[in-house]
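Trainee: Can you keep this structure in mind? I'll have questions shortly.
The values are calculated or read from the model by the stated rules, or taken from the named source; none is laboratory data. Note that the structure is predicted; figures quoted are calculated from it, not measured. Virtual Cβ from ideal backbone geometry, glycine too; neighbours counted across all protein chains shown. To get the accessible areas, we keep the full protein, side chains included, count just its heavy atoms, and leave off ligands, DNA and RNA. Shrake-Rupley method; radii C 1.70, N 1.55, O 1.52, S 1.80 Å.
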Amino acid sequence: MISPTFTASPGARTRPFFLWRHLNKLRWLILTIVFAMLVLLPLLHIYQTYVAAHAYDLLSPGETRLYDVMEWIAAPFVSDPAADLDAVKGNTWSGSFWGYKISDPLAAVGQAAAGLSLYWPFLLTALVPVALTMVFGRFFCGWSCPATFLYELNSNFASWLRWAGIRVGNRRFDKRIKYGVLALGLILSAVSGSVLAGAIYPPAIIGREIYYTIAQGGFGVGTVFFLGTLLFDILVARRGFCRYLCPGGALYSALGRYRILRIRRVAESCNDCAKCNVVCEFDLDPMRDGFGQECNNCTACIAICPTDALTFTLRPSDYPEQGPGHLGQRYRAARQAREDTVRDVAP
Amino acid sequence: MERRSFLQALIASAAAAATPGTAALAAGRSSLRYLRPPGALPEEDFLKHCIHCGQCGEVCPNRCIKYFDLEIGWEAIDTPYIIPREQGCILCMKCGEVCPTDAITHIERDVDAILGTVNMGHARVDESLCLSFQGKTCGVCYRACPLPDIAIYVGRLEQPHVTDECVGCGLCERSCIQLPQAIRVFPERAA
């Protein structure tokens, strides 16, 4: 007799909903849109000031072109650009949409630490991101962080370098370092009385620095810091800042520990090819069910899986390790051994 | 060896320049004369509230709000400021509307509300520089003031006199045709 756990044949396995493997493209689209918005909003702001100043005749040719392009973009949506374009302002660190304000949880925590008090009108602006994080985990890092957009391109660049034979850093550190960075940032905020957590948080830096570069005449020290993190990612550790140092990533990871929506492996479909582990930007272990609180549901592993062995599930914890994939060498060898022993014993 | 000691001196002076502390900032000990946006909390509270998001500048129709880098210390990095000689505040009050933390409190765009709550600074006239006080009738500051006859009134030869009602928007300093400017706004924290 063959034991019942081994009866599932490859043809009978259930496949995940077909759209899941295309979510990675949707994610890139969203990342691109968020980044494009961060570029567009300062340009629209400049356009607004030109309109408010009735300055069209005074503009230089380059400024006139900017005015015309922004007018073309904004005209379908607004009747009075100087006033109506105020509806959407800000960046992913803190923004306002038609009067509704939404802020990064790290901004809320950092401000509470700096003021050593709870200022509820502001803390409540982080409520929606916190609730979403508790359901979707660290999704901000994968799906909307403007720094992720650049960091993932940077990772791709590093893999080209590796392909060209140039050595890039691939060191590993303890992922818990970032919780220390978060604690340190909050302590520094409390001691200095200034919200410094945002000064070492790439998405906040990117939002500000793009705005400074476009509308304020030049970038600041934040750009230097961000370029440093890009170099760190290439020279020391792949995606090192997000994995090991980002204070916001630490906060999101902690909030998303018991997230409802998570990725899981279907062991029956897995062939142990390890592509998921290689593609995972956060150095997780999807091939052995090791997602944990660091997973940002980016779906890169789902997209790359050749046997459709990764899918979503709704449960507040990961599946315990399910062992080797049923289509893989190790599992089949073990099954063969088991069948041989069964055949030896049965007759 | 010389280079090393030079570098050490450089780093030490940079560190000293970069760390005045919020208390020093609050006392206005920076040599840079800057204003905070209208409705901003007192300096120390302001730094505790401001999350450096940049929305006040992005909503400012006059583009008068700029952002510090490390000029006055790392506590004030990315906080908004106004240099009135570069661009004054037109008191549109949009920055307070958009500020998520109320580091800049929301104030209605209404004369009474502005007079009662905005306190960016106070204009002072240097009579030795002012053209009107030199007998050359000018009056530009009076005409630039958004609160004429309330914050500033003119006497003989358009000589300006600033009242206690001045909220410190800086439009007079922006418009002053003298160089160095005869009317300047001094932030309240430095008073």
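Matching residues to (1) more than 9 Å from every other protein chain (Cβ to nearest Cβ); (2) β-branched (Val, Ile, Thr); (3) open to solvent by 30 Å² or more (accessible area, probe 1.4 Å):
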residue: A:Leu43; (1), (2), (3): yes, no, yes
residue: A:Leu58; (1), (2), (3): yes, no, yes
residue: A:Lys89; (1), (2), (3): no, no, no
residue: A:Thr92; (1), (2), (3): yes, yes, yes
residue: A:Lys101; (1), (2), (3): no, no, yes
residue: A:Leu116; (1), (2), (3): no, no, yes
residue: A:Phe122; (1), (2), (3): no, no, no
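Trainee: So, in the stretch A:165-210, of the ones that are open to solvent by 60 Å² or more (accessible area, probe 1.4 Å) and part of a helix (DSSP H, G or I), which residue ends up farthest from the other protein chains (Cβ to nearest Cβ)? Walk me through it before giving the result.
Mentor: Taking the stretch A:165-210 and keeping what is open to solvent by 60 Å² or more (accessible area, probe 1.4 Å), we get A:165-167, A:170-174, A:176-177, A:184, A:187-188, A:191.
If we keep only those that are part of a helix (DSSP H, G or I) too, we end up with A:177, A:184, A:187-188, A:191.
Values: A:Ile177: 22, A:Leu184: 15, A:Ile187: 14, A:Leu188: 10, A:Val191: 10 Å.
Selected residue: A:Ile177.
Trainee: Here's something else I'd like to know. Scan the stretch B:108-117 and tell me whether some residue there is polar (S, T, N, Q) and either in a loop (DSSP other than H, G, I, E, B) or open to solvent by less than 50 Å² (accessible area, probe 1.4 Å) (or both).
Mentor: Of the residues in the stretch B:108-117, the ones polar (S, T, N, Q) are B:117.
Filter once more, keeping what is either in a loop (DSSP other than H, G, I, E, B) or open to solvent by less than 50 Å² (accessible area, probe 1.4 Å) (or both): none.
Checking the stretch B:108-117: not a single residue is polar (S, T, N, Q) and either in a loop (DSSP other than H, G, I, E, B) or open to solvent by less than 50 Å² (accessible area, probe 1.4 Å) (or both).
Trainee: Restrict the check to the stretch A:276-285 and report whether at least one residue is touching a Phe, Trp or Tyr at 6+ places or on another chain (Cβ under 7 Å), in the same structural domain as A:Arg330 (by TED's automatic domain parsing) and in a loop (DSSP other than H, G, I, E, B).
Mentor: Initially, the stretch A:276-285 is screened for residues touching a Phe, Trp or Tyr at 6+ places or on another chain (Cβ under 7 Å), giving A:284.
Subsequent filtering for residues that are in the same structural domain as A:Arg330 (by TED's automatic domain parsing) retains A:284.
The next check asks that each one be in a loop (DSSP other than H, G, I, E, B); those that pass are A:284.
Among the residues of the stretch A:276-285, at least one is touching a Phe, Trp or Tyr at 6+ places or on another chain (Cβ under 7 Å), in the same structural domain as A:Arg330 (by TED's automatic domain parsing) and in a loop (DSSP other than H, G, I, E, B), which makes the answer yes.
Trainee: Name the residue that is surrounded by the most Cβ atoms within 10 Å (Cβ to Cβ), counting only residues in the stretch A:214-231 that are in contact (Cβ under 8 Å) with a residue 12 or more places away in the chain and more than 9 Å from chain B (Cβ to nearest Cβ). Break it down stepwise before answering.
Mentor: If we filter the stretch A:214-231 for residues that are in contact (Cβ under 8 Å) with a residue 12 or more places away in the chain, which is where we start, we get A:214-215, A:220, A:222-223, A:225-226, A:229-230.
Okay, now just the ones that are also more than 9 Å from chain B (Cβ to nearest Cβ), so A:214, A:223, A:225-226, A:229-230.
Working: A:Ile214: 19, A:Thr223: 17, A:Phe225: 15, A:Phe226: 19, A:Thr229: 21, A:Leu230: 18.
In this case the residue turns out to be A:Thr229.
Trainee: On to the next question. Just to be sure before I move on: is A:Gly249 more than 10 Å from chain B (Cβ to nearest Cβ), open to solvent by less than 10 Å² (accessible area, probe 1.4 Å) and among the small types (Gly, Ala, Ser) in the structure I sent? Reasoning before the result, please.
Mentor: Working: more than 10 Å from chain B (Cβ to nearest Cβ): yes; open to solvent by less than 10 Å² (accessible area, probe 1.4 Å): yes; among the small types (Gly, Ala, Ser): yes.
Spelling it out, A:Gly249 is indeed more than 10 Å from chain B (Cβ to nearest Cβ), open to solvent by less than 10 Å² (accessible area, probe 1.4 Å) and among the small types (Gly, Ala, Ser).
Trainee: Further question on the same structure: Output the number of the condition that B:Leu129 fails; it satisfies all remaining conditions of (1) open to solvent by 30 Å² or more (accessible area, probe 1.4 Å); (2) closer than 26 Å to B:Ile65 by Cβ; (3) of a type in the set (A, V, I, L, M, F, W, C).
Mentor: Single failed check for B:Leu129: (2).
Trainee: How about the stretch B:66-86: which of its residues are facing another protein chain (nearest Cβ under 10 Å), crowded, with 24+ Cβ neighbours inside 10 Å and under 14 Å from the mean Cα position of the chain (by Cα)?
Mentor: B:Thr79
Trainee: Would you be able to say whether some residue in the stretch A:131-139 is part of a loop (DSSP other than H, G, I, E, B) and in contact (Cβ under 8 Å) with a residue 24 or more places away in the chain?
Mentor: Restricting attention to the stretch A:131-139, the residues satisfying the condition of being part of a loop (DSSP other than H, G, I, E, B) are A:137-138.
If we keep only those that are in contact (Cβ under 8 Å) with a residue 24 or more places away in the chain too, we end up with A:137-138.
So far as the stretch A:131-139 goes, yes, one or more of its residues are part of a loop (DSSP other than H, G, I, E, B) and in contact (Cβ under 8 Å) with a residue 24 or more places away in the chain.
Trainee: Let me confirm something: among B:Cys89, B:Cys141, B:Cys50, which residue is farther than 25 Å from B:Ser175 by Cα and either in contact (Cβ under 8 Å) with a residue 24 or more places away in the chain or open to solvent by 50 Å² or more (accessible area, probe 1.4 Å) (or both)?
Mentor: On the way: B:Cys89 fails: farther than 25 Å from B:Ser175 by Cα; B:Cys141 fails: farther than 25 Å from B:Ser175 by Cα.
Every option except B:Cys50 fails the conditions.
Trainee: Might you check whether a residue that is open to solvent by 40 Å² or more (accessible area, probe 1.4 Å) and touching a Lys or Arg at 6+ places or on another chain (Cβ under 9 Å) occurs anywhere in the stretch A:152-160? If you could, list the steps in order and put the result at the bottom.
Mentor: Initial filter on the stretch A:152-160 (open to solvent by 40 Å² or more (accessible area, probe 1.4 Å)): A:153, A:156-157, A:159-160.
Now restrict to residues that are touching a Lys or Arg at 6+ places or on another chain (Cβ under 9 Å): A:159.
Yes, the stretch A:152-160 contains at least one residue that is open to solvent by 40 Å² or more (accessible area, probe 1.4 Å) and touching a Lys or Arg at 6+ places or on another chain (Cβ under 9 Å).
Trainee: Can you say whether A:Cys305 is outside the structural domain of A:Tyr201 (by TED's automatic domain parsing) and open to solvent by less than 20 Å² (accessible area, probe 1.4 Å), as far as the supplied structure shows? So that I can check it myself, show each step before the final result.
Mentor: Numbers: outside the structural domain of A:Tyr201 (by TED's automatic domain parsing): yes; open to solvent by less than 20 Å² (accessible area, probe 1.4 Å): yes.
Criteria met by A:Cys305.
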